Structures are given as structure tokens and as C-alpha cells.
Amino acid sequence: MLRAIFCFLVASAAAEHVREFTVRENARAGTLVGNLGDELPDAAPPYTIVPVPGSAVNDDLKIDPQTGEIRTRVPLDRENRDHYALVAIPASGDNVRVVVRVSDENDNAPTFPAAVMNVEFSENTPRDVKRKLNPAKDEDLGVFNTQRYNIVSGNTDNAFRLSSHRERDGVLYLDLQINGFLDRETTDHYELVIEALDGGTPPLRGTMTVNITILDVNDNPPVFAESAYSAMIPENATVGTTVLKVFAIDSDEGENGLIEYSINRRQSDKENMFKIDPNTGEITVNKALDFETKELHELVVVARDKGAQPLETTAFVSIRVTDVNDNQPTIDVIFLSDDATPKISESAQLDEFVARISVHDPDSKTEYANVNVTLSGGDGHFDLRTHDNIIYLVVVALPLDRESQSSYTLNVVATDKGSPPLHASRIISLRVTDVNDNPPVFLESEYKASVPEAAAPGTPVIQVTASDVDEGENSEIRYSLLPTPQSDWFSIDERSGLVTTRARVDCETNPMPQLTVVASDRGNPPLSSTATLLVTVLDVNDNEPIFDQSFYNVTVSENEAVGSCILKVSDLFIKRYNNLFLVIFP
């Protein structure tokens, strides 16, 4: 009982002090934080250190109880722990409550919750409309927190801008606003790179990609390829005959871009003489036509899209019905090739004849003499010549190259000058025949191979390959070797190009024989090209050393000193001699 009263009196007499220290985060281990005894002369060391439970004092700080010196044990991280608390009891019995606060540094960049965000806008969205974006968060405090956002790239024509505001939770929230007018038909997708910056010097930053899809609205009517179409159809055309095809496009997408065609019956074709395919725009004959009853039909064709509020446009179609005579011109073609087939050699010279065309019309010789004949197709490589408008000749107008184009389609049209005129046409499919104008080409200009000198005859060395863009025999290749000092060591398969040994090779004779491979086609005359083949002969130990002479004759003076050189012999890699003699004459 007396002991408890004594402790109570001592505790009542003790004073309590509060000390606060500050240390910057990331300071290296061992950094001095402060001294417990500074400014407290009545609270001198030594100290008893009592950490506040859970404050990690012993883990992160090092406190010397004998001096009161506080140092960091490890680099501190404010975002992990922003203060440490402990009680230091000096010898005087006072209480010193100690708080070590960790000051913030700009060691965290703003971070978006996701690297990519997808956003959609309709193309008719008004200016200034906002769409919330994921804000960036920064674990640092105050000015080191997120301060602003920028669009780094992808903002074509400044279509968008950013706005931001900070709320009570300290987060700088981000909005994406339309800055101009959106048009899906011009730009249907934007990929904005947005950065968030804090207030550090220099600022730290984080980025996010915003994929913006512009959704279509039906803001574009269909547009015809032509505002007015015209066609001619003979009066004897059967029901279902195609007259022409109109075509319209709509730059919208989906249903807004799907087009349906129709004929405005209130304004045109009330007799239903024609009909139109609603999907393709193909206009066909619906009833029998009569030139004498009506020569010209004018249709109003409508193209309408399938949007919720459809848009439409119109085009005018003029269809002229032509009278039918009892005879049409006929076209006869005679080909001037060696076998009278439609062909021409690629080596044909300019103005060389290809075909003879004659036109016949039994109705009238006068009309026949005035028939107009035209030639189309052939990309300008052929022309039509005549002296009397009766006999026409198809001639070569530009050089031909079968390897570039092996055939042409020509269209001969004959039109008389009757009223109305009649016409006939003839399609000519002309084949360009090959001449041997391209030599074989090796895949490589130089080949390298190796073979051991012990290789048996017939050992494969290498296979060379060449190609020829001609056709037939002009492209069939045969291989051969040009004669060289060592070409008889090798042979080549004339069809496959496989090079093999013909005899045993000898490294000592030529360690790297050079061969010339020839590739020749079978044209007339044949064309050829060459490639170099370097063969490395790998040496084997197949020769014994021998002396360069089998008998040596040396004269030595009788007073020659001991150790003097009297003869130097050398070995040659030739046949072996068994008996060697050294005779010394005094």
C-alpha cells in the first residue's frame, strides 16, 4: 500500500514533454533525424524508449538510449507510413512524447487506373458535350499530386479538349469535351494519348490512351454516280433484257448506308414498261417495246437509304428505243498467222498485219460502203487501218512482250449509217506467242561448295538452279560445264543441274578449282548465261614426305670444322624412293 502511494506521488511529480521531428522520405539509412535531449535540459539521457504499438519504430528508426540521437535505419516511404510515435523516459522520470513525421517528396507519378479506355460519340453530338474519363491518382501530397491533364497526340483537327476539377477527396477528375464538329465520314476513330502531370520540378507524368469511336447517324443522302443516265434498247428486246444499271453510294454505314432503288411511277413510266431491281439498281424491260408508239422513255429513279428517317435522291434515265431493220452488218475475220489462228508473235514489228476484217451488209451496197468500223481493247497495242472503208486490217501499233501480257481481247464494232443505224460487234481473243528473247537466269551468280579429295567418283557436290521466263522449249534449260584445267574432275546433270565428281580430286594439284556453269535454253537460237562455281577441295593426309633427290654428291674440304653444314636436303610430295645415298668425297 505504501509502495503504490509512493509510485503515485513520483508519477504526479514527473513532467511530460512533446517533441516533434521531421525527416524527408527516401533519405538514406543513417540520416540524423534529431536528438531527444535538445531543448529539454531537464530530460537528459539515458532514456528508456517505449515505441507506440504498431508504429514500426524499431523497424525503421535507430534510437541511441545513451545519447538520445535518432537516425533512420532504412530509407523511409511516406506513402507507406507518414509518422512514427514513441515515448522516451529520461533519468528524471519525465515523459517525452516523440513524433517523427515523414515529409513528402515527389516520388510517385500520376497513374491512370487503366492504360486504355474506350469511348463512343455519335457524329451529331453537340459541341461542349462531356464524357467522364478515368482520373489519374497520385499518392504524393499537395503540389506533388496530379495538377493538370494534356492531350499529347491523336487530336485530329482539335476535335476534343479536356476539362478537370478537384473534389473534396483531393482527386483531380477529368472530362473529355467535344471541341468541334464530328463527322464519321471524315474521321471515324480517334486515338488520343492523354497525360497527367503533377506539380514537381520537373513534373512526373502518366499516360492513358483513349480510343474514341464515332457512331454513325443518317446525315448523308444517297448520291448517284451520274445525275442523268442514258441508254439505247432495240424495240425487239425481250422482256427481262437489261437496259442499264444505275448506281448510288451512301457514305453512312449500317442501315443508314443501305440503298433501295425504285421508279417514281407518279412522275414517270406509269405504263410499267420498265422495272428496277431494288437491290442492284438494274433496269430491265418489263413489257414489249414499240419504236413506232414511243421512241423515248424518261424515268425518274429514286435511291432511298434505310435509316430510321430515310433520306433519298433522284436521277433521270433516258431510254431510247431503236428501230429494227431486217439485216444487220456481219463481220468476217481472217487471221493472218501461219495456221490462221488468232495469234501474233511477240517479235512482231510495228504495222505488221494481225488480221483481215471485212464487213458485209446485204441491205445496200451504198450503206455497206459507208459502214464505220472501230476497234477497241488491246491497251493501244493494235490499230485498225483501211484504204477504202471496205477491207480493214488489224496491225501492231505498239511493241509486244508475251512475258508482260500473253493475250489481248479486241472488240470490233461495225455500224452502218442507216436511219436508225445498225451495228454488229465481234470479240477477238488474240494470243501472243513466245520468242526466245530471255536467257536463263541463275539464282546466284556465284556458288560455293566443298568436297573431300578422297571422295569417290559420283559424289554430289552442289545443285545449281536457273530459270527462264519464256515458255515451251524456249524455257527448257540444259546445264553444262565450260572446259577448264580441272573441269574433267566434275560432271553436271544437264537437266537437274546436279554437280558430281567424275574422277578423284586432288588438293595438291588445285585446292580450289573454279568451274563455269552454263545454262542454255532450247530456243532457236538458244540463249545462255553462266555462273561461277568455286569448289574447295578438302585435304586428306594421302602423301608421304620424300627427298627431292634419290642421290646426293657432296665435296668437303679436309679442314672443314666440326659442325659445318655440308648438305641441305628437302622433301617433295611425290612418289616414294626407298634407296637414298649420301657420298662424301674428300
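Can you pull a Stokes-Einstein diffusion coefficient for the chain at 37 °C (0.692 mPa s), Rh from Kirkwood over Cα pairs, as a whole number of µm²/s? Let's see the in-between values first.
Working: Rh = 38.6 Å.
Estimated via Stokes-Einstein, D reaches 85 µm²/s.
Stretching A561 away from T536 to a fully extended chain increases their span by 4.0 nm, per 0.36 nm per residue minus the current alpha-carbon distance.
Our Cα-only numbers for region 103-196 put the radius of gyration and Dmax at 14.9, 54 Å.
Please report, as a whole percent, how much of the solvent-accessible surface of the chain comes from carbon and sulfur atoms (probe radius 1.4 Å).
Values: 16750 of 33450 Å².
Accessible surface attributable to carbon and sulfur in the chain totals 50 percent.
Using r as the Cβ-Cβ distance of V152 and E79, and R0 as 30 Å, what FRET efficiency do you calculate, to the nearest 0.05?
Values: r = 26 Å, r/R0 = 0.88.
Efficiency, rounded to the nearest 0.05: 0.70.
Fully extending the segment from S358 to E105 would add 81.3 nm, taking 0.36 nm per residue of separation and subtracting the current Cα-Cα distance. Between V50 and N211, the distance separating the two model label sites (each 7 Å from Cα on the Cα→Cβ line) works out to 6.1 nm. A crude spin-label estimate for the pair V171 and D401, with each label 7 Å from Cα along the Cβ direction, gives 6.7 nm. Applying a threshold of 28 Å to the alpha-carbon distances of K294/K417; K275/K417; K275/K306 flags K275/K417 as lying beyond it.
Rounded to the nearest 0.05, the FRET efficiency derived from the C-beta distance between D383 and Q463 at R0 = 60 Å is 0.80. Every pair of different Cα atoms in region 44-105 enters the Kirkwood calculation, which places the hydrodynamic radius at 12.1 Å.
Counting heavy atoms of the protein chains only and a 1.4 Å probe, report the per residue accessible area for the chain as a whole number of Å². Display every interim value, and only then the final one.
Numbers: 33450 Å² over 586 residues.
Per-residue accessible area for the chain comes out at 57 Å².
Panel note: the C-alpha atoms of region 443-548, placed on their principal axes, show extents of 61, 22, 20 Å (largest first). Each 5 Å bin from 0 upward holds the following percent of the Cα-Cα pairs of region 194-317: 2, 10, 16, 16, 11, 9, 6, 5, 4, 3, 3, 3, 3, 3, 2, 2, 1, 0, 0.
Straight-line reach from K137: taking Cα to Cα under 16 Å and skipping same-chain neighbours fewer than 8 places apart, the aspartates and glutamates in range are E79, D104, E105, D107, E167, D169, D175, E195, D198.
Here's how it looks for V119: its modeled amide H is under 5 Å from those of N211, I212, T213, which are all 5 or more places away or on a different chain. The DSSP beta bridges internal to the chain are antiparallel in roughly 75% of cases. Of the trypsin sites (Lys or Arg not before Pro) in region 110-210, the ones in a loop by DSSP (not H, G, I, E or B) with at most 14 other beta carbons within 10 Å are R127, R168.
The values are calculated or read from the model by the stated rules, or taken from the named source; none is laboratory data. Since the structure is predicted, the reported quantities are computational estimates derived from the model, not experimental observations. We place every Cβ from the backbone using ideal geometry, glycine too, and count neighbours over all the protein chains shown. Surface accessibility is based on the protein's heavy atoms, side chains included, excluding ligands, DNA and RNA. Shrake-Rupley method; radii C 1.70, N 1.55, O 1.52, S 1.80 Å.
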